[in-house]
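**Student:** To start, I am sharing the structure in question, which I have written as structure tokens.
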Amino acid sequence: MQFGDKLRLIRLTKNLTQQHVASQLGMSTTGYGNIERNGVKSVAFRTLDNITQVFEITVVNLFEAGTSPANSTQQKVQDSSSNEIATMKQTIDQLKADQAMLLRLLQQQSAELVIIKKLLLVQEKNSNGQNKKKKSSKKRD
């Protein structure tokens, strides 16, 4: 990849216009456009240094063969996204486990409530039966 092409790719990856970059560098849009078209042949080191500051990269990144900072940035974004997805999957799995546990607890409590209701009914019947016996024994007296 040619130097000018790399500059253009980095600029586009960062969603910057030629006009914005030129303004940050204190030069005309045409002047910056020439750097992207013609590459490093006509660029002073100070301008290169300023370009790296605008793009928030190092001079080394600018000249690395085969890898562009744009690809590096994309890789970081992909890695970050992958990590977030993995974290979300773990959270979802934990929520599913918690949900299953809560469902089991609800079922257990529901079964316990059924037993309590039956016990209350039995107790009520016994209580009613004892009250009837007391009333009938009072009538005899």
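**Student:** Please state which of the following conditions Ile10 fails to meet, knowing it meets all the rest: (1) under 23 Å from Lys76 (Cβ atoms); (2) in contact with a Phe, Trp or Tyr (Cβ under 7 Å, 6 or more places away or on another chain); (3) without any contact (Cβ under 8 Å) to a residue 24 or more places away in the chain.
**Tutor:** (3)
**Student:** Restricting segment 12-60 to residues that are farther than 17 Å from Gln2 by Cβ, surrounded by fewer than 16 Cβ atoms within 10 Å (Cβ to Cβ) and among the hydroxyl-bearing types (Ser, Thr, Tyr), which is modelled with the lowest pLDDT?
**Tutor:** Checking each candidate, the answer is Thr58.
**Student:** Right, here's the next one. Collect the residues in segment 82-107 that are charged (D, E, K, R) and more than 24 Å from the chain's Cα centre (by Cα), keeping them in residue-number order.
**Tutor:** Result: Arg104, single match.
**Student:** Give me the residue from segment 4-18 that is of a type outside the set (Ser, Thr, Tyr) and assigned to a loop (DSSP other than H, G, I, E, B) and, out of that set, farthest from the chain's Cα centre (by Cα).
**Tutor:** Only one residue fits best here, namely Leu16.
The values are calculated or read from the model by the stated rules, or taken from the named source; none is laboratory data. Not measured: the values here are computed from a predicted model. Note that each Cβ is placed from the backbone with ideal geometry, even for glycine, and that neighbours are counted across all protein chains shown.
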